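As structure tokens, the structure follows; a few thoughts come after it.
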Amino acid sequence: MTYKVAFVSLGCAKNLVNTEQMMALCRQAGHIVTGDPEGADVAVLNTCGFIESAKSEAIDNILELAQLKDQGKLKKLLVAGCLSQRYPDDIRAELPEVDGMLGTGSYSDVVAAVEELMEGEKAEHFGNIHRTYEDGERIVTTPPYTAYLKIAEGCSNGCAFCIIPKLRGRYRSRTVASLVAEAKKLAASGVKELIVIAQDITRYGLDLEEKATLAQLLKELCRLDFHWIRLHYLYPEAVTDELIQVIASEPKILHYLDIPIQHCNDNILKAMRRRNTKAEIRALFAKLRAAMPDVVIRTSLICGLPGEGEEEFEELCAFLREEKIQRAGVFQFSPEEGTLAAAMEDQVDGEVAARRVELVVDLQSRIMDSYNEERLGTVMEVLCEGFDSQAGCYVGRTYADSVDIDGHVYFTAAGLVPAGEFVKVRITGVSDGDLTGEIED
């Protein structure tokens with residue numbers, strides 16, 4: 001029997017890759033795959049359950065899909081991913097609209113689950129989260145010129161504030177051979193920007209029987225027909241001199257490095273079970289800038305971590321003013337059940353933490369504006385993402401801008417510029433975190 005299966009993916013790019021793998025499995029089984037739940041037999045919602053806002057988004061999506069069921073426009077709802085892995089009992093008790101669940105160890109069971117639901121059977125699959133199959137085919141859903149390559153699953157770092165190891169299992173790298181084979185297919189399909197992702201790409205290969213390193217993998221990827229290779233996420237204590245040398249010397253690897261530091265105060269870093277100090281972070285940034293003067297550093301910051309008083313917060317702000325990190329995602333600490341940080345003393349009042357987030361966002365906005373103003377008059381390579389009818393011009397990204405999280409360049413051109421084409425743009429203006437310019441003949 002052929003069924004129409006709709007997929008909705010929430011959360012991070014790593015989750016999206018799992019969704020793309022499930023889509024491919026359903027298509028290989030002969031089912032019809034769609035992105036529109038209305039009119040589908042089964043909707044598969046791949047969820048994030050990392051922090052409170054992600055959980056709320058997932059529940060809102062469940063309730064929206066439940067309305068389609070009530071209206072007779074959807075038959076079954078299958079919830080996959082981190083929310084189902086983390087809260088199966090709560091979903092059973094409080095969300096009767098959910099017909100079945102897949103844990104993060106059971107993405108490869110999606111076809112069985114879909115068919116079980118449509119045959120009136122119970123569908124709950126919770127496999128071993130430490131042993132998952134990551135090398136399957138994908139239906140790539142990103143634009144044809146950009147794709148993700150997930151090089152590892154899980155995390156073994158054990159940060160005190162993070163629930164991911166309990167949801168995704170221990171860190172496990174894919175083999176170099178499997179990654180190169182997948183990357184070759186992506187390059188052959190026309191992908192020009194390859195985005196290398198994992199919870200921590202710097203520890204890639206160290207767990208394999210045949211040891212490998214991220215530096216070695218990147219050298220192999222650079223032999224393929226990509227124009228840009230972008231890296232997310234590098235943990236500061238695991239960035240080696242060899243890795244810096246490879247990034248600096250390989251022209252395809254962008255000088256854009258996403259390095260989550262979370263904070264800079266040594267006591268907080270230690271309490272959060274981070275493996276570096278403020279001095280070590282400073283030294284790494286200095287080393288990166290010496291090797292790559294044009295490097296753009298992106299980081300993640302958490303305000304309101306347990307033990308963060310006014311003195312520690314001001315230390316963070318002073319650090320940011322001095323280091324001038326060009327890109328930052330700023331988050332309010334979320335005390336997640338099951339983490340060490342949630343049980344710590346010296347919890348920060350929620351309103352205080354939220355205010356600190358606002359202050360850091362404002363500080364970082366000024367740093368970003370200063371960086372953008374320094375681009376005025378320069379010519380930058382831009383990956384065109386198409387024509388923006390609302391803006392009345394083309395839109396794209398520079399090496400300093402990753403997908404969905406950073407700014408854009410809005411530019412004019414006399415002729416047609418296809419999406420996926422790289423062009424030279426002279427920067428003529430700045431606007432709310434974005435750049436404006438005109439194509440250089």
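The values are calculated or read from the model by the stated rules, or taken from the named source; none is laboratory data. The structure displayed is predicted, hence computed values, not measured ones. Note that we place each Cβ from the backbone using ideal geometry, even for glycine, and neighbour counts take in every protein chain shown.
Looking at segment 1-17, which of the residues that are at pLDDT below 95 and either within 20 Å of Val98 (Cβ to Cβ) or of a type in the set (Ser, Thr, Tyr) (or both) is farthest from the chain's Cα centre (by Cα)?
Leu10
Looking only at segment 114-126, count how many residues are on the phi < 0 side of the Ramachandran plot and either in contact (Cβ under 8 Å) with a residue 40 or more places away in the chain or in a loop (DSSP other than H, G, I, E, B) (or both). Break it down stepwise before answering.
Of the residues in segment 114-126, the ones on the phi < 0 side of the Ramachandran plot are 114-119, 121-126.
Narrowing further to those that are either in contact (Cβ under 8 Å) with a residue 40 or more places away in the chain or in a loop (DSSP other than H, G, I, E, B) (or both): 114-115, 117-119, 121-123, 126.
Result for segment 114-126: 9.
Within segment 364-395, can you find the residues that are aliphatic (A, V, I, L, M), out of contact with any Cys (no Cβ under 8 Å at 6 or more places or on another chain) and not in a loop (DSSP other than H, G, I, E, B)? Talk me through it step by step, then tell me what you get.
We begin by selecting, within segment 364-395, every residue aliphatic (A, V, I, L, M); these are 367-368, 376, 379-380, 382-383, 391, 395.
If we keep only those that are out of contact with any Cys (no Cβ under 8 Å at 6 or more places or on another chain) too, we end up with 367-368, 376, 379-380, 382-383, 391.
Result: Ile367, Met368, Val379, Met380, Val382, Leu383.
Considering only segment 134-145, I want to know if a residue exists there that is closer than 30 Å to Val423 by Cβ and polar (S, T, N, Q). Quick ask: steps written out before the conclusion?
Initially, segment 134-145 is screened for residues closer than 30 Å to Val423 by Cβ, giving 138-145.
Filter once more, keeping what is polar (S, T, N, Q): 141-142.
Yes; the residues of segment 134-145 include at least one that is closer than 30 Å to Val423 by Cβ and polar (S, T, N, Q).
Consider segment 55-66. How many of its residues are surrounded by 18 or more Cβ atoms within 10 Å (Cβ to Cβ) and in contact (Cβ under 8 Å) with a residue 40 or more places away in the chain?
The qualifying residues number 3.
Have a look at Gly429, Gly392 and point out the one that is outside the structural domain of His255 (by TED's automatic domain parsing), at pLDDT 95 or above and surrounded by fewer than 18 Cβ atoms within 10 Å (Cβ to Cβ). It would help to see each step written out before you state the result.
Numbers: Gly392 fails: at pLDDT 95 or above.
Only one candidate passes the filter, namely Gly429.
Yes/no matrix, rows are residues, columns are (1) within 21 Å of the chain's Cα centre (by Cα); (2) outside any loop (DSSP other than H, G, I, E, B); (3) at pLDDT below 95; (4) surrounded by 18 or more Cβ atoms within 10 Å (Cβ to Cβ):
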site	(1), (2), (3), (4)
Ser402	yes, no, no, yes
Ile405	yes, no, yes, no
Val425	no, yes, no, yes
Asp441	no, no, yes, no
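Which of (1) assigned to a helix (DSSP H, G or I); (2) out of contact with any strand residue (DSSP E or B) (no Cβ under 6 Å at 6 or more places or on another chain); (3) farther than 18 Å from Tyr235 by Cβ does Val348 not meet, given it meets every other one?
(1)
Can you run down the residue pairs with Cβ atoms below 9 Å, 6 or more apart or on separate chains, where the first is in segment 154-172 and of a type in the set (D, E, K, R) and the partner is part of a helix (DSSP H, G or I)?
Lys166/Gln85; Lys166/Arg86; Arg168/Lys14; Arg168/Cys82; Arg168/Gln85
Looking at Glu124, Glu52, Glu119, Glu137 in this structure, which one is more than 30 Å from Glu220 (Cβ to Cβ), at pLDDT below 95 and surrounded by fewer than 21 Cβ atoms within 10 Å (Cβ to Cβ)? Break it down stepwise before answering.
Working: Glu124 fails: at pLDDT below 95; Glu119 fails: at pLDDT below 95; Glu137 fails: more than 30 Å from Glu220 (Cβ to Cβ).
Of the residues listed, the single one that is more than 30 Å from Glu220 (Cβ to Cβ), at pLDDT below 95 and surrounded by fewer than 21 Cβ atoms within 10 Å (Cβ to Cβ) is Glu52.
Is segment 406-415 home to any residue that is closer than 29 Å to Arg273 by Cα and not assigned by TED's automatic domain parsing to the domain that holds Asn267? Steps first, please.
Applying the first criterion (closer than 29 Å to Arg273 by Cα) to segment 406-415 yields 406.
This time we only want the ones that are not assigned by TED's automatic domain parsing to the domain that holds Asn267, so: 406.
Yes.
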